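Engineer: Structure provided below as structure tokens; questions to follow.
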Amino acid sequence: MDLVQRQVLFKRFTPLMMQWGVTGYSAAVSLGLSVLFARSMGSSAFGHYTYIYVLASVLVLAQDAGFNTLLLRERAAPSATLKSRCDQLPTIALLHLLVTTLLLVVMAGAFYGWVDAPSLMSGILCFTAITLMQWQSSWFKGAGKFERDAVFLFCSRSLSAIFVLVAVLTLGPSPVVVFLAWSAGLLLILALHFRHFPILVRIDWKFPGWAYRSSLSFFAVGLASTLYHQIDIIILRNLLGEIPAIGHYAVATRIHDGLLLLATPVVLMLFRRMRVLAMQPGAGTRFSRNAVVAALLIGIVLAVAGWIVGPWIVGMLFGNVYADGAQKLIQLLFLALVFALPNYVLEQNAIATQHERLLAISFFFAIAVNVALNFYLIPSMGVEGAAWATVLTEVLLCGILSCGLRREVLVFGRGS
């Protein structure tokens, strides 16, 4: 291999390596903070923190309203119907975020007697900052600026982690302290990166129905996806109360979600390629099929490894008190990766090929099945029932998406 070829190869893989590096770094920092919270709060309090976190992550869907995915897709390859209005999307999204944040904070305060309102309000503010960060990251990724995005994400994760760590060590580990410190770190980074923001243009002061018609399908997908991945914690809390076992389950899901997070850079790069190929009918079938098969093989390897060493990882990171309670849980959630990773690729293919309605319907059906399985299995099996419900629902979702996207993924002899 000559010098020119090495330079081309290096240039091609540098963005992926930087994205992988910052994702691994972010996952490691998040895991380290989770270990700190779990050990310092105790299993019951950590379960409560996770419950508030999940509630805020559901409410943030109204704040995002599907604009994150819409900005990413339209920045990568504008749709014919939106091409003349793409420059207005960032301004509309920001106004929507400010209005919905104010409404959600007021609503959280109104339910003071039913929920931990201060924690939930601080969680809403935290996810407002997270949403702004994600929008800026999507703007970079959509333009193919993966190196710039990696630097931005590295700075965001580093400064927010420093703020959280100092606040927890100074004021104690409570949800309010964590969320507010997290928000402060992210807002400071956003202020320092302001010159890289998309230009906010003047818009007409009338309801932008065209923008919401385009984003609503992504909102539905986001709502369904979040409920699908987070609703088990809410059901566990309401069926079992605040018990240590929920903290054990939260620890197992953190590791499971961390592995999915590591797949995100590759999947988002695949999405951009799928989106470009989607503009050429029949061009992306083989590429998408190979991506799904590769995800399946990686999921099998991770499942075998997790079944063997998963309990040891939990014990090493979180302590024996968590290892004893989470042993079976971590094994089951690693097993779910066999189908969760291909599902991740299939989800991006559905968005790239403009099959958002199929994806939303698939998710909502999977949610219905997941909720039914949780209510059926948890009373008799406890937190293990929630883990089994996750495995079975991933299998179902994989079957539905594979069937619905068979023309884009499974048809042989098309694409290159």
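The values are calculated or read from the model by the stated rules, or taken from the named source; none is laboratory data. None of these values were measured; they are calculated from a predicted model. No Cβ is skipped: glycine too gets one built from the backbone with ideal geometry, and neighbour counts run over all protein chains shown.
Engineer: Under 7 Å between Cβ atoms, which residue pairs at least 6 apart in sequence (or on different chains) link something in segment 394-406 that is farther than 11 Å from PRO342 by Cβ and modelled with pLDDT of 90 or more with a partner that is of a type outside the set (S, T, N, Q) and in a helix (DSSP H, G or I)?
Structural biologist: Filtered contacts from segment 394-406: LEU396/ALA366; LEU396/VAL369; ILE400/PHE365.
Engineer: Looking at LEU187, is it in the same structural domain as PRO118 (by TED's automatic domain parsing) and either assigned to a helix (DSSP H, G or I) or within 27 Å of ALA387 (Cβ to Cβ) (or both)?
Structural biologist: yes
Engineer: Filtering segment 238-259 down to residues that are outside any helix (DSSP H, G or I) and in contact with a Gly (Cβ under 8 Å, 6 or more places away or on another chain), which residue is surrounded by the most Cβ atoms within 10 Å (Cβ to Cβ)? Steps first, answer last, please.
Structural biologist: To start, the set of residues in segment 238-259 that are outside any helix (DSSP H, G or I) comprises 241-243.
Subsequent filtering for residues that are in contact with a Gly (Cβ under 8 Å, 6 or more places away or on another chain) retains 242-243.
On the way: GLU242: 13, ILE243: 16.
Per the criteria, the residue is ILE243.
Engineer: Would you tally the residues in segment 139-158 being under 19 Å from SER183 (Cβ atoms) and without any contact (Cβ under 8 Å) to a residue 60 or more places away in the chain? Show your work before the answer.
Structural biologist: Start the filter on segment 139-158 by keeping residues that are under 19 Å from SER183 (Cβ atoms), which leaves 152-158.
With the extra rule that they be without any contact (Cβ under 8 Å) to a residue 60 or more places away in the chain, the set shrinks to 152, 155-156.
Matching residues across segment 139-158 total 3.
Engineer: Right, another one. Out of segment 210-237, which residues are surrounded by fewer than 21 Cβ atoms within 10 Å (Cβ to Cβ), under 23 Å from ALA38 (Cα atoms) and at pLDDT 80 or above?
Structural biologist: ILE235, the sole residue that qualifies.
Engineer: What are the residue pairs meeting all of these: first residue in segment 356-381, first residue closer than 11 Å to LEU401 by Cα, second residue hydroxyl-bearing (Ser, Thr, Tyr) and modelled with pLDDT of 90 or more, Cβ atoms under 9 Å, and 6 or more apart or on different chains?
Structural biologist: As it stands, the answer is ALA366/THR393, since those pairs meet every condition given.
Engineer: When the residues of segment 382-398 are filtered to those that are over 19 Å from the mean Cα position of the chain (by Cα) and of a type in the set (Val, Ile, Thr), which remaining residue is surrounded by the fewest Cβ atoms within 10 Å (Cβ to Cβ)?
Structural biologist: The qualifying residue surrounded by the fewest Cβ atoms within 10 Å (Cβ to Cβ) is VAL395.
Engineer: Here is a further query. Would you check if there is a residue in segment 37-52 being in the same structural domain as TRP114 (by TED's automatic domain parsing), modelled with pLDDT under 80, more than 17 Å from LEU169 (Cβ to Cβ) and touching a Pro at 6+ places or on another chain (Cβ under 7 Å)?
Structural biologist: Checked against the condition, which is being in the same structural domain as TRP114 (by TED's automatic domain parsing), modelled with pLDDT under 80, more than 17 Å from LEU169 (Cβ to Cβ) and touching a Pro at 6+ places or on another chain (Cβ under 7 Å), segment 37-52 yields at least one hit.
Engineer: Select from segment 100-124 the residues that are surrounded by fewer than 21 Cβ atoms within 10 Å (Cβ to Cβ) and within 23 Å of the chain's Cα centre (by Cα) and write down the one among them that is farthest from LEU70 (Cα to Cα). First the steps, then the outcome.
Structural biologist: Of all residues in segment 100-124, those surrounded by fewer than 21 Cβ atoms within 10 Å (Cβ to Cβ) come to 100-103, 105-107, 109-118.
Then keep just the ones that are within 23 Å of the chain's Cα centre (by Cα); that gives 100-101, 105.
Numbers: THR100: 18, THR101: 20, VAL105: 25 Å.
So, considering only residues that are surrounded by fewer than 21 Cβ atoms within 10 Å (Cβ to Cβ) and within 23 Å of the chain's Cα centre (by Cα), the one farthest from LEU70 (Cα to Cα) is VAL105.
Engineer: Still on this structure: Take LEU70 and tell me if it is more than 19 Å from SER160 (Cβ to Cβ), in a helix (DSSP H, G or I), more than 14 Å from the chain's Cα centre (by Cα) and not acidic (Asp, Glu). Lay out the reasoning, then the answer.
Structural biologist: Working: more than 19 Å from SER160 (Cβ to Cβ): yes; in a helix (DSSP H, G or I): yes; more than 14 Å from the chain's Cα centre (by Cα): yes; not acidic (Asp, Glu): yes.
Against the criterion (more than 19 Å from SER160 (Cβ to Cβ), in a helix (DSSP H, G or I), more than 14 Å from the chain's Cα centre (by Cα) and not acidic (Asp, Glu)), LEU70 qualifies.
Engineer: Among what's in segment 194-209 and is loosely packed, with under 13 Cβ neighbours inside 10 Å and of a type in the set (Val, Ile, Thr), pick the residue that is farthest from ARG85 (Cα to Cα). Break it down into steps so the answer makes sense when it comes.
Structural biologist: Initially, segment 194-209 is screened for residues loosely packed, with under 13 Cβ neighbours inside 10 Å, giving 194-195, 199, 201-202, 204-207, 209.
Still in the list and also of a type in the set (Val, Ile, Thr): 199, 201.
Working: ILE199: 13, VAL201: 11 Å.
Once the filter is applied, the top-ranked residue is ILE199.
Engineer: VAL99 - would you say it is out of contact with any Leu (no Cβ under 9 Å at 6 or more places or on another chain), assigned to a helix (DSSP H, G or I) and without any contact (Cβ under 8 Å) to a residue 24 or more places away in the chain?
Structural biologist: On the way: out of contact with any Leu (no Cβ under 9 Å at 6 or more places or on another chain): yes; assigned to a helix (DSSP H, G or I): yes; without any contact (Cβ under 8 Å) to a residue 24 or more places away in the chain: yes.
In short, yes.
Engineer: Here is a further query. Among residues belonging to segment 73-90 that are in contact with a helix residue (DSSP H, G or I) (Cβ under 9 Å, 6 or more places away or on another chain) and assigned to a loop (DSSP other than H, G, I, E, B), point out the one that is nearest to LYS141 (Cα to Cα). Walk me through it before giving the result.
Structural biologist: Step one: of segment 73-90, the residues in contact with a helix residue (DSSP H, G or I) (Cβ under 9 Å, 6 or more places away or on another chain) are 73-79, 81-83, 85-86, 88-90.
Among the residues that remain, those that are also assigned to a loop (DSSP other than H, G, I, E, B) are: 77-79, 81-83, 85.
Working: ALA77: 12, PRO78: 14, SER79: 17, THR81: 22, LEU82: 19, LYS83: 18, ARG85: 20 Å.
The selected residue is ALA77.
Engineer: In segment 147-174, what residues are within 22 Å of MET121 (Cα to Cα), at pLDDT 90 or above and in contact with a Ser or Thr (Cβ under 7 Å, 6 or more places away or on another chain)?
Structural biologist: If the condition is that a residue be within 22 Å of MET121 (Cα to Cα), at pLDDT 90 or above and in contact with a Ser or Thr (Cβ under 7 Å, 6 or more places away or on another chain), then ARG157 is the only one that fits.
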